[in-house]
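What follows is one structure encoded as structure tokens, with my remarks underneath.
Bear in mind that the values in this text are calculations on the coordinates, not laboratory data. Source: prediction; values computed, not measured. Quick reminder, even Gly has a Cβ in these numbers, built from the backbone with ideal geometry, and neighbours come from all protein chains shown.
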Amino acid sequence: MSPHHFAFDTMRMFLSLSFSLFLIILVFSIDSASSSSCPFDLGYVDTFPWDTSLCRRPVHKDCCQTLINLFGLGMAQHLNETSMFQLPDADTSSSCLSDFQTKVTALSVQLSLVTQCFQNTTQLFVVNPSSCAGIITIEDWKQKVGLTSPLDISCKGDLMRLTRCSSCVDAGMKVTSQLNGLDPNGTKCFYFTVLYAAGIVNDLGPQDPRAAACIMDLPLSRSSKGKPSNTTLKLVFGLLGALIGVLLFLGVFILYRRWDKKRRQKAFHEEYVSNFRASVLPNSEAEWFRLSELERATNGFSQRNLIGQGAHGVVYKGTLSDGTLVAVKQILDLDSKGDEEFSNEVEIMSKIRHRNLLSLRGCCVTSNDFTGKRRYLVYDFMSNGSLSDHLPNTLGSTKQGSKKPLTWPQRKNIILDVAKGLAYLHYGIKPAIYHRDIKATNIFLDSEMKAKVADFGLAKQSTEGQSHLTTRVAGTHGYLAPEYALYGHLTEKSDVYSFGILILEIMSGRKVLEASLNQSVVRITDWAWMLMKSGKVGEIVEEWLRESGGPKGVMERFVFVGILCAHVMVALRPTMDEALKMLEGDIDIPRIADRPLPLGHESLRSSFGFGSASISSTGKRSRSLLNSSVRYS
């Protein structure tokens with residue numbers, strides 16, 4: 001099996017298992033009674049050519065997966081008919097499962113086996129705006145994703161061919177990444193993508209065997225694979241005898257066209273690669289990797305080697321031929337800006353060398369008619385992952401129990417490492433570089449928990465003699481400086497603001513954006529500012545950290561620096577060099593001046609209507625202790 005086929009099969013297995021988990025969690029309890037009727041017809045269970053032999057054995061590992069995927073056809077049909085991604089209420093869900101159970105058991109599938117497959121389901125598949133970016137209907141989908149998405153292009157028609165199905169799966173991964181970028185907390189965006197591809201995009205319908213086999217990964221019976229009858233065979237042989245001359249001609253013609261297509265494809269690939277190498281590599285120190293090298297290093301980009309996924313790419317762990325561990329990032333954002341940002345990151349990262357900046361080892365680009373352009377970045381492998389993996393409010397449920405909270409020395413050193421890396425970007429090289437996307441997921445930790453700033457795809461170089469750059473806004477909501485988010489004015493103080501947000505996130509253990517009791521969004525800066533104004537700076541520090549016995553004065557110093565760096569007034573923020581000196585205790589923290597009312601938080605405005613923004617007596621006493629303490633404790 002080739003690496004491409006292996007990666008494709010693995011991806012399909014991943015999609016199938018993920019969709020199964022989605023329905024297991026969200027469908028409904030098998031024992032619940034219901035008075036509501038199921039809104040879609042489950043008659044397809046009897047007529048659809050699914051492989052029932054998998055469920056006619058006492059226990060088979062693929063039976064439950066097959067049953068759940070089979071039910072997914074009905075959900076896709078429901079979406080097609082009603083434009084609703086989810087069922088209206090719990091009673092309707094219960095009714096659908098009851099009907100489904102009756103249909104399946106009528107096909108000689110043991111009732112106990114069906115019960116076993118759904119025995120742990122407790123949640124109902126009902127309308128929930130928090131499932132994925134507020135999407136409930138097809139209209140919501142179009143507003144979030146757009147009128148035309150990669151799914152609308154790649155998932156139409158007959159998907160039996162391997163290349164067509166592969167393109168559809170790749171499109172699904174890209175759309176899912178786009179939705180996750182809109183709603184990082186969404187848990188069901190992938191499953192909405194699957195239902196949309198099967199129920200809306202594919203014009204053959206969700207219950208077409210070719211669509212179901214690719215999108216739902218539903219196994220088909222052997223009889224559905226088109227075994228011809230005797231009459232059909234006679235007709236085929238007759239036609240072959242009459243048209244053999246034409247077919248021979250067409251065969252030669254097709255072979256020639258394929259040869260010519262491969263020749264042109266190879267020429268296009270070589271031209272694209274050579275143009276990239278000629279425009280980027282002479283200006284950088286990056287090593288050039290062949291795609292075959294990266295495939296060997298990552299075992300064909302196996303799902304087992306997948307270590308991270310974001311809105312713009314997926315990251316795989318790899319081992320080079322010399323035994324070096326690397327992280328290989330595949331860029332998924334393939335729009336017209338992709339080449340520009342990719343080249344930008346290669347040029348910038350290959351030139352800079354600093355112990356607190358993640359080193360770029362090399363890159364790879366490729367292009368063909370089936371997969372289009374593909375871009376890869378190869379970094380040094382960071383064994384402790386990203387900072388977000390270690391913060392309490394960004395840990396997933398599977399990581400929560402396996403990660404220990406960061407100690408005070410670890411948090412202090414991480415903040416200082418990031419500050420040193422940014423100070424080097426601003427002052428250590430000419431022209432200065434503005435990162436534009438400082439956040440926890442872009443800070444990586446090595447085996448000794450040393451922090452390194454990464455992901456320079458959005459970085460911009462300053463222009464000599466200009467106080468700021470005016471550029472399109474790019475970055476992550478919650479970390480963007482107000483003047484940059486509103487007007488596109490980019491300065492070194494924009495990175496300082498993001499750094500201040502990062503300090504508060506590390507010290508408090510809170511999310512950058514959190515929903516309050518009245519469902520409004522509370523920014524971490526507003527929350528910290530309110531506590532500081534109330535003389536409760538110590539409460540900004542995470543409770544576990546406060547009780548760990550760390551130096552209270554030094555911890556509060558770091559909080560004050562975070563608040564000052566994230567001040568809404570640009571002129572009041574320190575430079576990165578000044579912020580680093582404040583953190584290290586080399587210079588005092590100035591009096592923090594008042595600020596305008598928080599933007600977009602009506603419920604908090606009255607809380608911020610104080611006359612003076614000077615630090616409370618508690619805050620002053622803390623600063624006094626900070627100024628008299630040693631640099632590190």
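Values as computed for the structure displayed
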{"read-out": "Area projected by the alpha carbon convex hull of region 134-225, averaged over all directions, nm²", "value": "5.8 nm²"}
{"read-out": "Mean Cβ neighbour count within 10 Å, used as a protection proxy, ranking 80-92, 134-146 highest first", "value": "80-92, 134-146"}
{"read-out": "HN-Hα J in Hz across region 194-205 - Karplus 6.51, -1.76, 1.60, θ = phi - 60°, x for Gly and Pro", "value": "5, 4, 5, 5, 7, x, 10, 6, 5, 6, 7, x"}
{"read-out": "Distance (nanometres) between label positions extended 7 Å along Cα→Cβ at ARG257 and ASN128", "value": "4.9 nm"}
{"read-out": "FRET efficiency for LEU306 and LEU162, using Cβ-Cβ distance with R0 set to 30 Å, rounded to 0.05", "value": "0.90"}
{"read-out": "In nm, spacing of pseudo-spin labels at ALA571 and ARG56 (7 Å Cα→C-beta vector)", "value": "8.3 nm"}
{"read-out": "Residues ARG353 and SER447, FRET efficiency given R0 of 22 Å [Cβ-Cβ distance, rounded to 0.05]", "value": "0.70"}
{"read-out": "Ranked list, fewest to most other Cβ atoms within 10 Å of each Cβ, for LEU151, LEU416, LEU422", "value": "LEU416, LEU151, LEU422"}
{"read-out": "Calculated FRET efficiency for the pair ASN518/SER548, C-beta based, R₀ 51 Å, to 0.05", "value": "0.95"}
{"read-out": "Residue-wise HN-Hα coupling along region 560-572, computed from phi with Karplus coefficients 6.51, -1.76, 1.60 (Hz; x: Gly, Pro)", "value": "4, 5, x, 5, 5, 5, 9, 5, 5, 8, 4, 5, 8"}
{"read-out": "Other-chain or far-sequence residues with amide H under 5 Å of TRP50's (modelled H)", "value": "SER221"}
{"read-out": "Exceeding the 24 Å Cα-Cα cut-off - candidates LYS144/LYS174; LYS103/LYS156; LYS351/LYS439", "value": "LYS103/LYS156"}
